Amino acid sequence: MTRVISCASVLLAVLTVLRPIPGHAAGVVPDYVASAIADPARPPAQVARDAQRQPAEVLAFAGVRPGDRVADFMSGGAYFTRLFSRIVGNAGHVYAFLPEEQLKNCAPEETAGTRAVEHDGGYANVSVMTGPVGRFRPPEPLDLIWTSLNFHDLYDPFMGPADVPQVTQALFDALKPGGELLVIDHVAQAGSEVRDTETLHRIDPEVIIRRAQAAGFRLEAHSDVLRNPHDTHQLRVFDAAVRGQTDQVILKFRKPLAPTPAPAPATPCDSSRDRHAGTRPAWL
């Protein structure tokens with residue numbers, strides 16, 4: 001009985017936090033974001049992806065500003081790294097992080113974009129960092145950590161798999177109090193947890209939320225800009241029928257300004273094993 005009550009309490013607490021979180025309505029795109037997107041130095045192949053990735057709306061939602069210190073965690077082709085560089089300007093800085101595990105086990109083409117920026121004098125405010133994925137330690141506290149379509153990879157063999165609690169704790173520690181973590185990823189079927197991370201390259205958003213909150217983050221908002229209700233969540237993200245049009249969740253987490261009090265001891269419980277019909281937040 002104690003275990004059942006504890007699990008129910010955990011689920012109730014999660015739902016209480018999630019219920020007030022609204023979807024993000026399209027707002028005004030700041031001039032500095034629009035200017036970054038219009039930058040003629042952007043590679044044509046990346047510009048061609050703008051219709052799918054909706055950078056104006058997504059970056060406006062993230063709230064990145066001139067002067068910010070930003071990390072593009074698992075920066076890959078540097079699509080967002082380039083945009084961040086122009087937005088934060090000379091007063092800010094961008095850290096493009098390439099995990100050693102990715103560099104060792106993936107084709108060089110996957111990170112060629114970041115390597116190109118590393119050697120391009122036009123991006124002097126960008127520093128490329130490498131190291132074990134769980135030991136991300138930028139040289140200064142950050143305003144924003146961004147990871148796009150990568151969180152699910154942490155659970156896959158080519159990344160170790162990673163010690164995800166260690167990774168999320170490293171992200172938490174790298175931010176200044178009040179700093180934000182923004183996660184974008186392909187949505188998997190409800191309740192699938194991490195079952196499809198390697199086969200379909202998708203993840204259940206509840207896993208992301210649970211991991212981030214365990215590290216100390218507070219879920220602040222979500223955006224529906226990249227949601228696609230016609231995606232069945234059953235196809236591989238590279239399948240021609242859905243590529244570039246997958247249902248994607250955008251979650252914004254914040255590191256509290258003050259340390260979060262430690263929760264009272266409770267009977268260990270994995271709430272994912274005690275999920276009941278109707279407990280999943282409607283916006284997921």
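Points worth noting:
- With DNA, RNA and ligands ignored, accessible area of residue 111 (1.4 Å probe; Å², nearest 10): 10
- When 194, 28, 164 are compared by accessible area at a 1.4 angstrom probe, the order from most to least is 28, 194, 164.
- Partners for residue 252 among aspartates and glutamates (Cα-Cα distance below 13 Å; same-chain residues under 8 apart left out): 143, 180, 185, 220, 224
- Over the stretch 81-134, the hull volume per residue, using the convex hull of the C-alpha atoms, is 74 Å³.
- Considering only 177, 208, 192, and ranking their Cα positions along the charge dipole of the stretch 174-219 that arises from unit charges at the beta-carbon of Lys, Arg, Asp and Glu, the one farthest toward the positive end is 177.
- Residue 67 sits among other residues whose Cβ lies under 14 Å from its own Cβ, and their net charge, with Lys and Arg +1 and Asp and Glu -1, is +1.
- Here the scattering of the stretch 79-169 is modelled by Debye summation over its C-alpha atoms, one equal scatterer each and no solvent; at q = 0.22 Å⁻¹ the log10 of I(q)/I(0) is -1.23.
- Largest first, the residues 235, 171, 200 sort by 1.4 Å accessible area into 235, 200, 171.
- Peptide ranges 239-252, 114-127 listed from the most packed, as the mean C-beta count within 10 angstrom indicates: 239-252, 114-127
- Antiparallel beta bridges, as assigned by DSSP with both residues in the stretch 25-167, represent about 0 percent of the total such bridges.
- Overall, the accessible surface of the stretch 102-194 at a probe of 1.4 angstrom is composed of carbon and sulfur to the extent of 50 percent.
- Accessible surface for the stretch 209-253, divided over its residues, is 47 Å² per residue with a 1.4 Å probe.
- Residue 69 exposes around 70 Å² of accessible area when a 1.4 Å probe is run over every protein chain in place.
- Accessible surface for residue 195 stands near 140 Å², nearest 10, in the context of the full protein assembly shown (1.4 Å probe).
The values are calculated or read from the model by the stated rules, or taken from the named source; none is laboratory data. Predicted model, so just to flag it, every value in this text is computed and none were measured. We place every Cβ from the backbone using ideal geometry, glycine too, and count neighbours over all the protein chains shown. Quick note on the areas: whole protein, heavy atoms, side chains included, nothing else; ligands and nucleic acids left out. Shrake-Rupley method; radii C 1.70, N 1.55, O 1.52, S 1.80 Å.
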